[in-house]
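The values are calculated or read from the model by the stated rules, or taken from the named source; none is laboratory data. Because the structure is predicted, anything quoted here is derived from the model rather than measured. A quick note on method: Cβ atoms are made from the backbone with ideal geometry, for glycine too, and the neighbour counts reach across all protein chains shown. The accessibility values were calculated without ligands, DNA or RNA, using every heavy atom of the protein model including side chains. Shrake-Rupley method; radii C 1.70, N 1.55, O 1.52, S 1.80 Å.
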Amino acid sequence: SRDYSAPVNFISAGLKKSAAEEFSEEDSDEDEKPVKQEEPPKEFVPKKLKTGGNFKPSQKGFVGGTKSFVDFGSWERHTKGIGQKLLQKMGYVPGRGLGKNAQGIINPIEAKQRKGKGAVGAYGSERTSQSLQDFPVVDSEEEAEEEFQKELSQWRKDPSGGKKKPKYSYKTVEELKAKGRINKKLSAPQKEISQVKVIDMTGREQKVYYSYSQISHKHNIPDDSPQQPLGKDAKPQGFSLPELEHNLQLLIDITEQEIIQSDRQLQYERDMVVNLSHEIQKMSELLSHEEKAISNLSKVLEMVEECERRMQPSCENPLSLEECAKIFETLQDKYYEEYRMSDRVDLAVAIVYPLMKEYFKNWDPLKDCTYGTEMIAKWKSLLENDQLLSHSGQDLSTDAFHRLMWEIWMPYVRNIVAQWQPRNCGSMVDFLDSWVNVVPVWILDNILDQLIFPKLQKEVENWNPLTDTVPIHSWIHPWLPLMQARLEPLYSPIRNKLANALQKWHPSDSSAKLILQPWKDVFTPGSWEAFMVKNIVPKLGMCLNELIINPHQQHMDAFYWVIDWEGMISVSSLVGLLEKHFFPKWLQVLCSWLSNSPNYEEITKWYLGWKSMFSDQVLAHPSIKEKFNEALDIMNRAVSSSVGGYMQPGARENIAYLTHTERRKDFQYEAMQERREAENMAQRGIGAAAASVPMNFKDLIQTKAEEHNIVFMPVIGKRHEGKQLYTFGRIVIYIDRGVVFVQGEKTWVPTSLQSLIDMAK
């Protein structure tokens with residue numbers, strides 16, 4: 001009987017341990033202390049189970065509260081249940097554990113007896129001694145029997161009545177080292193926990209501990225056990241020495257910590273040795289590299305000092321530019337790293353610049369344009385900084401070679417250009433052509449933009465096409481390969497001067513063609529066509545108007561003057577001139593001739609003679625074909641209508657044959673042209689066919705303007721709502737999203753392309 005009305009004592013602690021830390025501490029305490037088997041108090045010994053007299057220790061019954069797998073469900077034979085059958089249907093095999101892999105146990109939770117009267121955790125961890133890991137799946141009955149007997153013997157008393165000898169466990173140094181490596185990361189928290197103050201109030205007296213581990217070392221004999229006097233035959237009772245046990249345990253812990261600390265120190269020293277060996281190797285490599293660099297720098301310094309010594313005026317063997325180039329080549333080949341790391345700008349200024357000035361002292365670029373190109377090309381490879389050139393944002397004038405060209409070579413060029421006459425362009429063009437691959441790009445651009453172009457512009461302003469005997473293209477066109485688009489600003493004043501010179505020009509003067517022909521491929525196609533339509537085509541139209549067509553006495557000079565411009569003006573412009581000024585008079589003369597009983601043989605010759613005066617390109621134009629076919633139709637009608645009158649024998653047949661022959665020639669020519677176009681398309685591929693199609697609406701308008709001989713060109717400097725204005729004949733238009741807008745009286749009116757063509761005519 002116990003008094004349950006008494007107050008309950010607790011343990012006051014400042015820090016609670018987690019289950020993992022308690023478990024690790026319990027394991028460490030069990031490893032450090034010798035394991036001693038003690039008998040449990042009599043009142044906690046489990047009673048015998050009533051199994052109907054069938055239970056025997058040799059059989060596999062209950063072991064530590066856990067039933068074996070072999071006798072699982074054996075009690076079912078005394079009942080009428082079907083549980084065993086249902087388990088077997090679900091895959092259970094008698095004698096093995098439950099679960100898919102037979103890993104289950106029957107009774108995994110087990111109660112553990114607490115040794116004293118303390119509260120929870122007073123005697124260590126409350127974890128059960130048997131867990132899921134204590135019940136592995138056995139492979140044989142012998143192993144299960146051996147495990148059963150081992151667990152059963154823990155609860156038996158010694159038959160002799162004596163006290164069992166304690167069993168001690170020992171740890172080797174290697175085990176301590178391994179434990180120290182595993183628990184190295186947990187050392188800081190354990191040190192924190194070991195300094196916790198614990199007040200134990202479970203006994204008669206209040207006791208203070210400074211770690212939870214001291215509680216586990218508490219003596220296990222109950223405090224309230226009665227003291228028995230020692231008689232003659234009585235056996236002495238055991239007594240506890242907690243101070244001695246504490247000191248011994250402390251010595252053991254200190255020794256273990258010293259062993260673990262020594263092992264860690266040894267590992268640290270070994271790692272330090274490896275690290276220092278690597279450092280020694282790196283330092284030796286660095287030392288050898290530095291020694292080599294010092295040696296190379298000393299040799300480079302000797303060579304530079306030798307150059308400076310030979311540049312002194314008092315030196316008997318002065319240094320030349322060729323010898324200096326060889327020294328720099330040696331520096332670049334043998335001591336490349338030192339040469340690239342050095343400040344080449346200062347080195348070149350001190351050594352190369354004076355030699356370069358002496359080298360170009362008597363140089364005339366226009367007389368000897370190739371002088372020094374090879375030498376400068378060699379110095380370019382020696383001094384030019386490739387890394388600087390790869391960065392376009394850098395200031396290239398800071399490069400040694402660029403600075404050399406700008407300060408030494410460029411003054412000679414400035415002096416020569418200042419004295420140069422632009423009309424004598426041959427020598428200057430040859431000079432720049434020979435230096436174009438040597439001189440830096442930005443210096444060449446400076447020469448062309450700042451020196452050459454202003455001279456050309458000034459000369460163009462002073463040029464007069466009526467009085468100057470030298471054609472302007474002879475001293476402008478040689479600059480095209482070098483300057484290209486830089487000459488565009490000169491073309492507009494040249495066209496204006498030529499247009500002024502052509503105001504009083506007559507087509508009989510062939511000199512105009514000689515002056516204008518070199519500019520055909522220089523001007524853009526649009527500007528060239530506009531210039532021709534404005535200044536040449538009206539003169540040719542006046543000339544055709546003055547042409548008198550007389551079959552009996554024909555003067556062909558005016559016609560030759562017009563046809564001679566066929567390659568200069570576009571085919572559409574020439575066809576327009578013929579349609580407007582030639583074919584009306586020609587057809588009229590033919591009709592009047594046919595109405596006066598003509599000689600059809602002469603008419604046939606006259607017809608073929610005029611047709612032979614035109615080129616195939618002009619004859620292939622649909623408008624020209626239409627006019628000559630119209631002449632054939634007139635002749636056929638004339639032959640057919642004169643039935644009752646006199647007619648030359650065979651005239652009708654001759655006219656019919658002529659018509660058939662001319663139509664067949666036209667057909668053959670068209671077939672040949674189509675075949676050529678097909679071959680060209682096959683050679684160039686589909687891309688060529690696509691290129692012939694107008695890419696946008698503006699190209700379509702330009703194509704239609706060329707077909708109808710209408711001038712289509714932009715109005716310079718004029719825009720409406722941000723859109724470029726164009727002249728289409730005499731009409732001003734602009735294009736917006738595929739729609740043509742024509743300028744009306746008050747506003748812009750959208751119109752169709754055909755209406756635009758009709759308005760322009």
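Values for this structure:
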read-out: Amide H within-cut-off set for residue 736, under 5 Å, with H built and near neighbours excluded; value: 741
read-out: 25 °C / 0.890 mPa s Stokes-Einstein diffusion coefficient of the stretch 427-566, Kirkwood radius on C-alpha pairs, µm²/s; value: 140
read-out: Point-charge dipole on Cβ atoms (K/R +1, D/E -1) for the stretch 697-759, about Cα centre, debye to 20; value: 240
read-out: Under 12 Å, Cβ to Cβ, from residue 706 - net charge with Lys/Arg +1 and Asp/Glu -1; value: -2
read-out: Pairs from 497/580; 326/378; 282/334; 455/534; 299/334 whose Cα-Cα separation, in the structure shown, is over 19 Å; value: 497/580; 282/334; 455/534
read-out: Heavy-atom accessible area order for 748, 561, 475, largest first, 1.4 Å probe; value: 561, 748, 475
read-out: Which of 581, 552 is most accessible, then next, and so on - probe 1.4 Å; value: 552, 581
read-out: Electrostatic dipole magnitude of the stretch 247-318 [Cβ: Lys, Arg +1; Asp, Glu -1; Cα centre; debye, to 20]; value: 300
read-out: Environment charge of residue 575, counting only residues whose C-beta is closer than 13 Å and scoring Lys/Arg +1, Asp/Glu -1; value: -2
read-out: Largest-first ordering by accessible area, 1.4 Å probe, given options 352, 571; value: 571, 352
read-out: Normalised contact order of the stretch 697-759, rounded percent, pairs of Cα under 8 Å and 6 or more residues apart; value: 21
read-out: Cα-Cα over 19 Å, subset of 520/611; 611/761; 605/627; 520/704; 513/704; value: 520/611; 611/761; 520/704; 513/704
read-out: Environment charge of residue 358, counting only residues whose C-beta is closer than 14 Å and scoring Lys/Arg +1, Asp/Glu -1; value: +1
